[in-house]
Amino acid sequence: MSVQAEATSTTPAVRGETLRVEGLSGGFRSAEGGFTEILKSVSFSIETGTITAVVGETGSGKSMTALAVIGLLPKGFHRTAGAVHFEGHDLLTLAPAQLRALRGDRIGMVFQDARAR
Ligand SMILES: Nc1ncnc2c1ncn2[C@@H]1O[C@H](COP(=O)(O)OP(=O)(O)OP(=O)(O)O)[C@@H](O)[C@H]1O
Ligand SMILES: [Mg+2]
């Protein structure tokens, strides 16, 4: 008699890419007509079922990257280039109603300070 063991898991195998950010660039336009570039061709992708950490010094643009991905950029910020693909959607060209439907349901942001970002 033989016994066969099989690895089992309650979590189904997930494969693929959840988020892909490609060449995201942008910055703030000043009242005087100047432009300060904050995001300089930011590119990364996140595989489904994995955790990705973005590390950088304060003011380096981590929050602006996350806000640009979900379309919640502050007034004055202008995106100059790039694309954001999330679960088959092109987030930067999605209709506002479709983006709202994804936000909170499929994608969201936990702010570092609940009172201010
Ligand atoms: N409303 C704004 N007007 C002009 N510049 C801004 C504005 N908001 C942020 N910035 C600038 O954008 C840059 C990126 O800021 P961001 O908040 O993305 O940094 P961060 O990497 O998240 O920093 P921290 O680690 O402190 O959270 C900073 O230089 C900041 O001064
Ligand atoms: Mg931040």
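The values are calculated or read from the model by the stated rules, or taken from the named source; none is laboratory data. Keep in mind that what you see is a predicted model, and the values were worked out from it rather than measured. Reconstructed Cβ throughout: ideal geometry from the backbone, glycine too, with neighbour counts over all protein chains shown.
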- Task: Residue by residue through the range 80-117, note down the ones that are in contact (Cβ under 8 Å) with a residue 24 or more places away in the chain and assigned to a strand (DSSP E or B).
- Result: Thr80, Ala81, Gly82, Ala83, Val84, His85, Phe86, Arg103, Ile107
- Just give me the residues in the range 93-111 being at pLDDT 90 or above and within 12 Å of ligand 1 (Cβ to nearest atom), in sequence order. Met109
- Any residue in the range 30-40 that is surrounded by 10 or more Cβ atoms within 10 Å (Cβ to Cβ) and within 18 Å of Glu17 (Cα to Cα)? no
- Task: Check the range 13-22 and report whether any residue there is basic (Lys, Arg), in a loop (DSSP other than H, G, I, E, B) and surrounded by 10 or more Cβ atoms within 10 Å (Cβ to Cβ).
- Result: no
- Message: Which count do you get for residues in the range 38-79 that are more than 11 Å from ligand 1 (Cβ to nearest atom), within 14 Å of the chain's Cα centre (by Cα), touching a residue at least 24 places away in the same chain (Cβ under 8 Å) and part of a loop (DSSP other than H, G, I, E, B)?
- Response: 4
- Of (1) of a type outside the set (Phe, Trp, Tyr); (2) modelled with pLDDT under 90; (3) loosely packed, with under 13 Cβ neighbours inside 10 Å; (4) within 16 Å of Val21 (Cα to Cα), Asp90 satisfies every one except (2)
